[in-house]
Amino acid sequence: MKTVLLRLEGPLQAWGTRSRFGRRDTEAEPSKSGVIGLLGAALGMPRDDMRTLAALAECRLGVRVDHEGTLLTDYHTVGSGKFREPDYFVYGVGDHAVMTHRDYLQNASFLAAVTFEDEAMARRVHDAIGAPVWPLVLGRRSCSPSLPIQVPKGLVEGSFEDALRKAVFPSRSVPKDGSGEPRRIRMVLECDAADPEAQPRQDQPLSFRRGDRHYARRFVRTTFIEPSELVRLGEDEPCISLVAS
């Protein structure tokens, strides 16, 4: 069993699991379908490569929330204008503008841990993150990372929970809440359906084919790391986050 660590940090991120029509949501932390899509981009996986998708989707995902993001909702209109002279409209809508609302997370920082039983696949994924075939984004194409996603020495033994608890917190500062008190670090961990704290998420990817995207249900539980339990950066080590503190 090996775990690949990923630093997911940027000005904007979007990890939707319930997006429909004019409303494009985001979860408060990375979704499994979004992380698998990122890994697929690193590997150069075509959308119809069901074998590679199935191998990636067998992983177990954990996310440590090093810095909670704030929600931004962006209002869009599409159509009802001109583009290079001809009228521009949305197919099937006519000359009316289509209104959409898209949610984003601002200034969030996550450490994701992806555990594979297949150690060869873990090594392949880790290497691909450092030299991706296609650009890596944080949920949507408009959401570029502000730091390298590959974590130095980010291929480790053990499970995702162990890896997240042992990984260095990316700032020397003790994380604080809104009142200035030390805050616990939230973790969202994949779990079995029978776990008494299990919460459902409809983001287990089955197909990324255009016009034929399908997702299954999986389960997660939320737990915390106390500030005193964090592995802190040394005084002579540079911070590895632009926002976490």
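The values are calculated or read from the model by the stated rules, or taken from the named source; none is laboratory data. Here the structure is a predicted model, which is why all the values come from computation and not from measurement. Here Cβ is always computed from backbone atoms with ideal geometry, including for glycine, and neighbour counts include all displayed protein chains. The accessibility values were calculated without ligands, DNA or RNA, using every heavy atom of the protein model including side chains. Shrake-Rupley method; radii C 1.70, N 1.55, O 1.52, S 1.80 Å.
Which loop-located GluC sites (Glu not before Pro) does segment 154-245 contain, where loop means any DSSP state but H, G, I, E or B and the Cβ has at most 16 other Cβ atoms within 10 Å? Of the GluC sites (Glu not before Pro), the ones in loops of segment 154-245 whose Cβ has at most 16 other Cβ atoms within 10 Å are E197, E235. Give me the Kirkwood hydrodynamic radius of segment 1-54, using the inverse of the mean 1/r over all pairs of distinct Cα atoms, in Å to one decimal. Evaluated on segment 1-54, it is 13.0 Å. Ordered from highest to lowest accessible area with the whole protein assembly present and a 1.4 Å probe, Y215, Y75, Y104 read as Y75, Y215, Y104. Within the listed set A122, A216, A42, the Gaussian network model of the chain (springs between alpha-carbon atoms below 10 Å) gives the highest mean-square fluctuation for A216. The angle between the Cα long axis of helix 32-43 and the longest principal axis of the Cα atoms of the chain comes to about 90 degrees, rounded to the nearest 10.
Between the beta carbons of A120 and M99, assuming R0 = 51 Å, the FRET efficiency works out to 0.60 to the nearest 0.05. Between P86, P132, P227, find the one with the highest GNM mean-square fluctuation for the chain; connect C-alpha pairs within less than 10 Å. Judging by the Gaussian network model, the answer is P86. Across the chain, the relative contact order, built from alpha-carbon pairs under 8 Å that are at least six residues apart, equals 29 percent. Loop-located trypsin sites (Lys or Arg not before Pro) across segment 171-233 with a Cβ neighbour count of 10 or fewer within 10 Å are R210, with loop assigned by DSSP. Annotation: extensible slack from R141 through T52 equals 29.9 nm (criterion: 0.36 nm per residue apart, minus Cα-Cα distance). Full extension of the segment from V168 to V133, taken as 0.36 nm per residue of separation minus the current Cα-Cα distance, would add 9.8 nm. Estimated from the Cβ-Cβ distance and a Förster radius of 35 angstrom, the FRET efficiency linking R221 and T77 is about 0.30. Each part gets one Cα centre, and for segment 172-245 versus segment 37-57 those centres are 23 Å apart. When every Cα-Cα distance of the chain is counted in 5 angstrom steps from zero, the calculated P(r) takes the values 1, 6, 12, 17, 18, 17, 12, 7, 5, 3, 2, 1, 0 percent.
Spin-label model, K176/R213: points 7 Å from Cα along the beta carbon direction are separated by 4.0 nm.
Do you know the Lys pair count in the chain for C-alpha distances under 22 Å, with sequence separation 8 or more or different chains? For the chain, qualifying lysine pairs total 6.
Tell me the accessible surface of V133 in square angstrom (1.4 angstrom probe, heavy atoms of protein chains only), to the nearest ten. Surface open to solvent at V133 totals about 90 Å².
Ligands, DNA and RNA left out, the accessible area of the chain computed with a 1.4 Å probe is 52% carbon and sulfur.
Entry comment: accessible area of the chain is 54 Å² per residue, from protein heavy atoms only and a probe of 1.4 Å. Each listed q (0.10, 0.12, 0.15 Å⁻¹) maps to a log10 I(q)/I(0) for segment 94-203, found by the Debye formula over equal Cα scatterers with no solvent: -0.46, -0.65, -0.96. Contact order, relative form, for segment 12-56: 27 percent (alpha carbon pairs under 8 Å, 6 or more residues apart, mean separation divided by residue count). Local charge for Q204 was computed over the other residues whose Cβ lies under 15 Å away, with Lys and Arg +1 and Asp and Glu -1, and equals +2. Each helix, a run of at least 4 DSSP H residues, gives -39500 (n - 2.57); summed and divided by the residues of the chain, these come to -4500 deg cm²/dmol at 222 nm. Diagonalising the gyration tensor over the Cα atoms of segment 183-245 and scaling each eigenvalue by 5 before taking the square root yields semi-axes of 34, 19, 8 Å, largest first. Remark: relative contact order (segment 118-245) = 27 percent; criterion is Cα-Cα distance under 8 angstrom and separation of 6 or more residues.
Computed from Cα positions, the angle between helix 119-130 and the longest principal axis of the chain comes to roughly 70 degrees.
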